[in-house]
Amino acid sequence: MDQPGLVVTGASGRMGQTLIRLAQGSDKLRLVACVERAGHPWIGRDVGEAMGGAPIGVKVTDDALEAFAKAQAVIDFTAPAATVEFAALAAQARAVHVIGTTGLEPQHLARIEAAARHATIIRAGNMSLGVNLLVRLTKKVAAALDADWDVEIVEAHHRMKVDAPSGTALMLGQAAAEGRGISLDDARVSGRDGITGARARGSIGFSAIRGGDIVGEHDVIFAGEGERVILRHVATDRAIFARGALRAAVWGQGRKPGQYDMTDVLGI
Ligand SMILES: NC(=O)C1=CN([C@@H]2O[C@H](COP(=O)(O)OP(=O)(O)OC[C@H]3O[C@@H](n4cnc5c(N)ncnc54)[C@H](OP(=O)(O)O)[C@@H]3O)[C@@H](O)[C@H]2O)C=CC1
Ligand SMILES: O=C(O)C1=N[C@H](C(=O)O)C[C@H](O)C1
């Protein structure tokens, strides 16, 4: 039987190009089309050529539904407004939708939830094995330490990143909150500035650094009296996210509709 057909959205983006490169070497998926927004200079071109290499026989289109209809999986690292449209179209086309896009607000999440009634959706703010392991560890450490240990999450990314805190930082914060049995919405404190007053006991703090070409770095700091525990992940190559997404696209084949995440895919 043929390998499942794959569409990559946001083809010209940092993650789009990483995915296209890795998908070409995959023996489990077959890249069938790439999607960019209407008016993008890559529309109608062979994606291999558009990326500055040899043609690979795969075109870039702005017709997402037509592209999704000939695929069994869509990998989507774009922007929230685009991702919610793609979720509805992937559901219509009965294609597994792997969502890496971050910065999703409650109204976006509601639309993704609606699409997941009919479609298999795998969504994670970070698709790497290392970060998903760190999420597990964060929950365990948070459960073991009481609120005398202040939790602070520090993340660093490249200068082009548009959302903060990062999706990964929010996953880590959620894990810490779950470990403590509290709600992240109640405990969350982001980006302190000015006369903030003393730190509230039990709060979970977020700080974001943006600069240069930093791929992604996350520290979860448990700061106690006289000692600190720091859990850290450093990404040096976007291929770690792309490999996770490709694995998710294969894993999702034949799964019943619903929302899944990378802990389901990785079995951790
Ligand atoms: N979950 C994970 O493991 C990871 C998640 N991410 C997340 O993935 C997203 C993308 O990151 P990155 O690749 O660095 O960002 P880029 O800005 O490099 O790429 C985003 C791409 O999506 C395209 N796009 C936006 N809107 C549409 C649309 N309506 N139709 C088609 N294409 C569209 C953009 O096109 P244009 O330039 O024309 O706007 C661009 O090509 C971010 O939310 C980021 O946080 C990133 C890495 C890992
Ligand atoms: O925008 C990025 O680059 C990244 N985004 C994800 C996030 O928001 O956590 C994952 C990774 O850190 C890279």
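The values are calculated or read from the model by the stated rules, or taken from the named source; none is laboratory data. Treat the numbers as computed from the prediction; the structure is a model and nothing was measured. Cβ: placed from backbone, ideal geometry, glycine included. Neighbour counts: every protein chain shown. The protein model used for the area step is the full one, side chains on, heavy atoms only, and it has no ligands, DNA or RNA in it. Shrake-Rupley method; radii C 1.70, N 1.55, O 1.52, S 1.80 Å.
Are any residues in the stretch 48-86 hydroxyl-bearing (S, T, Y) and within 16 Å of ligand 2 (Cβ to nearest atom), and if so, which ones? Can you show your working first?
In the first step, residues of the stretch 48-86 are kept if they are hydroxyl-bearing (S, T, Y); the result is 61, 78, 83.
Selection gives T78, T83.
Listed conditions (1) in a loop (DSSP other than H, G, I, E, B); (2) within 15 Å of ligand 2 (Cβ to nearest atom) are all met by A198, apart from (2).
Scanning the stretch 172-181 for residues that are crowded, with 22+ Cβ neighbours inside 10 Å and within 16 Å of ligand 2 (Cβ to nearest atom) returns L172, G173, A175, A176.
Here is a yes/no grid of residues against (1) outside any helix (DSSP H, G or I); (2) modelled with pLDDT under 95; (3) aliphatic (A, V, I, L, M); (4) within 16 Å of ligand 1 (Cβ to nearest atom):
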| position | (1), (2), (3), (4) |
| --- | --- |
| E113 | no, no, no, no |
| D146 | yes, no, no, no |
| E155 | yes, no, no, yes |
| M171 | no, no, yes, yes |
| E178 | no, no, no, no |
| D193 | yes, no, no, no |
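Before we move on, is A124 more than 12 Å from the chain's Cα centre (by Cα) and modelled with pLDDT of 95 or more? Working first, answer last.
Values: more than 12 Å from the chain's Cα centre (by Cα): no; modelled with pLDDT of 95 or more: yes.
The answer is no for A124.
Residues that are among the hydrophobic types (A, V, I, L, M, F, W, C), under 14 Å from D261 (Cα atoms) and either in contact with a Gly (Cβ under 8 Å, 6 or more places away or on another chain) or free of Cβ contacts under 8 Å to residues at least 60 places away in the same chain (or both) within the stretch 111-130 comprise A116, I121, I122, A124, M127, L129, listed in sequence order.
Just one of the listed residues (A143, A169, A147, A156) is away from ligand 2 (no atom under 13 Å from the Cβ), within 25 Å of L266 (Cβ to Cβ), of a type in the set (A, V, I, L, M, F, W, C) and in contact (Cβ under 8 Å) with a residue 24 or more places away in the chain, and it is A143. Checking each residue in the stretch 70-97 for being within 10 Å of ligand 1 (Cβ to nearest atom), part of a helix (DSSP H, G or I) and open to solvent by 10 Å² or more (accessible area, probe 1.4 Å) picks out P80, A81, A82, E85, F86. Checking each residue in the stretch 182-214 for being in contact with a helix residue (DSSP H, G or I) (Cβ under 8 Å, 6 or more places away or on another chain) and exposed (fewer than 15 other Cβ atoms within 10 Å of the Cβ) picks out only S183.
Every condition in (1) assigned to a loop (DSSP other than H, G, I, E, B); (2) within 16 Å of ligand 2 (Cβ to nearest atom); (3) open to solvent by 30 Å² or more (accessible area, probe 1.4 Å) is met by I43 except one, and the failing one is (2).
Looking only at residues in the stretch 100-110 that are more than 12 Å from ligand 2 (Cβ to nearest atom) and either in contact (Cβ under 8 Å) with a residue 24 or more places away in the chain or assigned to a strand (DSSP E or B) (or both), the one that is surrounded by the fewest Cβ atoms within 10 Å (Cβ to Cβ) is E105. For the stretch 230-242, the set of residues classified as of a type outside the set (D, E, K, R) and open to solvent by 50 Å² or more (accessible area, probe 1.4 Å) consists of I230, V234, T236, listed by residue number.
Within the stretch 58-69, which residues are open to solvent by less than 70 Å² (accessible area, probe 1.4 Å) and in a loop (DSSP other than H, G, I, E, B)? Hits for the stretch 58-69 are V58, D63.
In this entry, E217 is excluded by the filter for residues that are touching a helix residue (DSSP H, G or I) at 6+ places or on another chain (Cβ under 9 Å) and open to solvent by 60 Å² or more (accessible area, probe 1.4 Å). Checked against (1) under 20 Å from M15 (Cα atoms); (2) surrounded by fewer than 21 Cβ atoms within 10 Å (Cβ to Cβ), E155 passes all but a single condition, namely (2).
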